[in-house]
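Notes follow once the structure below has been shown.
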Amino acid sequence: MTKRLKTPLSENDVRSLNVGEAIYLDGVVYTGRDEVHIHALEYLEKGKNIPVDFKGAALFHCGPIMRKVGEEWEVVAAGPTTSSRMNSLEPQFIEKFRPGAIIGKGGMSQPTIDAMKQYGCVYLAITGGAAVLAAKGLKSVSGVEWYELGMPEAVWILNAENFGPLTVGIDTHGKSLFADVSDKVKENEPAVRERLGLKK
Amino acid sequence: MVAEADIQSAVVELLRRTVVKLPSDVEEALERALDAEVDETPTMQLKAIMENIKLAGEGNTPMCQDTGVTIFYVTLPKNCEIDVERGIIDGVRRATSEVPLRPNAVHPITRKNPGDNVGDGMPYINWKVGSNDFIEITVMTKGAGSENMSQMAMLTPSQGVKGIKEFILSTVVRAGGNPCPPMVLGVGIGGSSDICMKLAKQALLRPLNERHKDPEIAGLETELLEALNMLGIGPMGLGGKTTAIGLNIEYAYCHTASLPVAVNVQCWAARRGTMRIHPDGRSEFLTPEE
């Protein structure tokens, strides 16, 4: 079954999702990776306002290739970056800024899974490297903030239309598709070791 | 006569081709992976990958936003008098705005981004002098998601082949879904610590369907690939039959007291490009194939 959701996401939308579901998104999607997390949390500590509102938002772990055509920016390629790099910052980011969805690849660690459960946020996996397919669902660019961080690290404000397919990788019930796969890999490891003539 | 400007233009074109299109051996391996899957989630991932490859080709657009840092392998003819290095550096700078490539190269400490993929030590060029009259240039545009999963170890000789297998297995399990599987594994064995890491990356330059010329190494490549695909990490780490679409090993003789081993993890978008620039200035693009 494929669902279509619009951002900003309500807590109800988010809490109704379960791992393994395929969804498509409409509405605003913000990019943000290492530097955006660091910057936003620093701003908060200093009591400064950040330039965008992440409440209920879809935060995309992505450093896109953008091109300026006249005065307008356009998305050239925008696949996900490795989410685990944000593991140490994401629980606090979710607590303070309350995004509704994090879009990325590779999954995230237990403290983030816990924060998603507590504050109502899901992890949506998008195919890594499939940057042209992703860009196809990002129809226009409303603006950019923190451009001084560099093209990959800035906050790009993108308008999504039928953006996906996205797979719910972590839901608000504490389930993670990545943890399930990791358990299966552990189960499969003895057979792999035997095949390679290694001690079990 | 080849001029520096010919090199520059050819490098721009080589980079464009390399980030837009996959070598045929990689694309064929991905097609086989799609055919092998039965479950919905891995099938959806591989279909998205194949669709993306098609869209990138049609739109002449980089298939992945991470166009890497530019690492070159150059074989010069004897007595080459033109400044190939200058041509490559200027070519990278131009390709960054013209293709475009993502400006990825930053200062390692200040993280300052000059915006043109050029800085101290980058692009990085590995030089060789050959016996042909043409200049051969290969480039690998490899993303950080997979590069960050690469590892090396200085094993002891007594750990032997088993130690090598253990290390490769643990590297792949640790990488999980992070490097954008189905992955390609480049393995370096022997040399010294620095040579071993280089061998691991160079192993990724060999087509996936070509086994090592030493039958023993070739056997090890096949055995490891088949075993690793029993892990079930699958496309994007979401489970499935294909975790790796290729595993290539390169080796060098090493010190009698050492056994270095290195794994360079590559993503499904295993981009590599090779061209030749002939003495008359004509450039010939070999990989990816037309």
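The values are calculated or read from the model by the stated rules, or taken from the named source; none is laboratory data. Nothing here was measured: the structure is a model prediction, and the numbers come from that model. Cβ: placed from backbone, ideal geometry, glycine included. Neighbour counts: every protein chain shown.
Against the criterion of being within 11 Å of another protein chain (Cβ to nearest Cβ), among the polar types (S, T, N, Q) and touching a His at 6+ places or on another chain (Cβ under 9 Å), B:Asn60 does not qualify. Scan segment B:118-134 residue by residue and report those that are over 20 Å from the mean Cα position of the chain (by Cα) and either closer than 18 Å to B:Ile88 by Cβ or within 14 Å of chain A (Cβ to nearest Cβ) (or both). Matches in segment B:118-134: B:Gly119, B:Asp120, B:Val129, B:Gly130, B:Phe134. When we screen B:Arg206, B:Arg211 for residues that are part of a loop (DSSP other than H, G, I, E, B), of a type in the set (D, E, K, R), out of contact with any Phe, Trp or Tyr (no Cβ under 6 Å at 6 or more places or on another chain) and more than 26 Å from B:Thr70 (Cβ to Cβ), the only hit is B:Arg211.
Residues that are in contact with a helix residue (DSSP H, G or I) (Cβ under 8 Å, 6 or more places away or on another chain), within 9 Å of chain B (Cβ to nearest Cβ) and of a type in the set (Asp, Glu) within segment A:162-200 comprise just one, A:Glu189.
Only one entry of A:Gly129, A:Gly104 meets the criterion of being part of a strand (DSSP E or B), closer than 30 Å to B:Glu58 by Cα and within 14 Å of chain B (Cβ to nearest Cβ), and that entry is A:Gly104. Scanning segment B:74-87 for any residue that is facing chain A (nearest Cβ under 10 Å), touching a residue at least 24 places away in the same chain (Cβ under 8 Å), under 22 Å from the mean Cα position of the chain (by Cα) and under 23 Å from B:Glu4 (Cβ atoms) turns up nothing.
Filtered by the rule that a residue be within 29 Å of A:Pro152 (Cα to Cα) and either of a type in the set (D, E, K, R) or part of a loop (DSSP other than H, G, I, E, B) (or both), segment A:1-18 gives A:Arg4, A:Lys6, A:Thr7, A:Pro8, A:Leu9, A:Ser10. Each residue in segment A:36-74 was checked for being away from chain B (no Cβ under 14 Å) and part of a loop (DSSP other than H, G, I, E, B), and 14 of them qualify. Is it the case, given these coordinates, that B:Pro260 is in contact (Cβ under 8 Å) with a residue 40 or more places away in the chain, of a type outside the set (Val, Ile, Thr) and not assigned by TED's automatic domain parsing to the domain that holds B:Asp133? Criteria met by B:Pro260.
Results for (1) under 30 Å from A:Pro190 (Cβ atoms); (2) of a type in the set (Val, Ile, Thr), shown as yes or no for each residue.
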{"position": "B:Gly119", "(1), (2)": "no, no"}
{"position": "B:Ile135", "(1), (2)": "no, yes"}
{"position": "B:Val139", "(1), (2)": "no, yes"}
{"position": "B:Lys142", "(1), (2)": "no, no"}
{"position": "B:Ser146", "(1), (2)": "yes, no"}
{"position": "B:Ser150", "(1), (2)": "yes, no"}
{"position": "B:Lys162", "(1), (2)": "yes, no"}
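Scanning segment B:232-248 for any residue that is more than 14 Å from every other protein chain (Cβ to nearest Cβ) and touching a Gly at 6+ places or on another chain (Cβ under 8 Å) turns up at least one such residue.
Among the residues of this structure, B:Thr222 does not count as one that is under 24 Å from A:Val185 (Cα atoms), more than 7 Å from chain A (Cβ to nearest Cβ) and touching a residue at least 60 places away in the same chain (Cβ under 8 Å). Quick one: count up the residues across segment B:148-181 that are basic (Lys, Arg) and closer than 17 Å to B:Gly237 by Cβ. Of the residues in that region, 1 qualify. Of all residues in segment A:75-98, those that are within 12 Å of chain B (Cβ to nearest Cβ) and assigned to a loop (DSSP other than H, G, I, E, B) have Cβ atoms under 6 Å from Cβ atoms of residues that are crowded, with 21+ Cβ neighbours inside 10 Å and of a type in the set (Lys, Arg), 6 or more apart or on another chain, in A:Pro80/A:Lys105; A:Thr81/A:Arg33.
On the stretch given as segment B:263-290, residues that are surrounded by 14 or more Cβ atoms within 10 Å (Cβ to Cβ), without any contact (Cβ under 8 Å) to a residue 40 or more places away in the chain and more than 21 Å from the chain's Cα centre (by Cα) total 0. Could you check, for segment B:156-171, whether at least one of its residues is at the interface with chain A (Cβ under 9 Å from one of its Cβ atoms), surrounded by fewer than 18 Cβ atoms within 10 Å (Cβ to Cβ) and touching a Leu at 6+ places or on another chain (Cβ under 7 Å)? Checked segment B:156-171: at least one residue is at the interface with chain A (Cβ under 9 Å from one of its Cβ atoms), surrounded by fewer than 18 Cβ atoms within 10 Å (Cβ to Cβ) and touching a Leu at 6+ places or on another chain (Cβ under 7 Å). Does at least one position in segment A:81-97 carry a residue that is among the small types (Gly, Ala, Ser) and at positive phi? Within segment A:81-97, not a single residue is among the small types (Gly, Ala, Ser) and at positive phi.
Within segment B:262-290, restricting attention to residues that are part of a strand (DSSP E or B) and within 14 Å of another protein chain (Cβ to nearest Cβ), the residue that is farthest from B:Ser24 (Cα to Cα) is B:Val265. Before we move on, is B:Met149 assigned to a loop (DSSP other than H, G, I, E, B) and in contact with a Pro (Cβ under 6 Å, 6 or more places away or on another chain)? Judged against the criteria, B:Met149 is a match. Residues being in contact (Cβ under 8 Å) with a residue 12 or more places away in the chain, more than 17 Å from the chain's Cα centre (by Cα), farther than 27 Å from B:Glu27 by Cα and away from chain A (no Cβ under 12 Å) are entirely absent from segment B:95-117. Within segment B:145-163, being under 24 Å from the mean Cα position of the chain (by Cα) and at pLDDT 95 or above holds for B:Ser146, B:Glu147, B:Asn148, B:Met149, B:Ser150, B:Gln151, B:Met152, B:Ala153, B:Met154.
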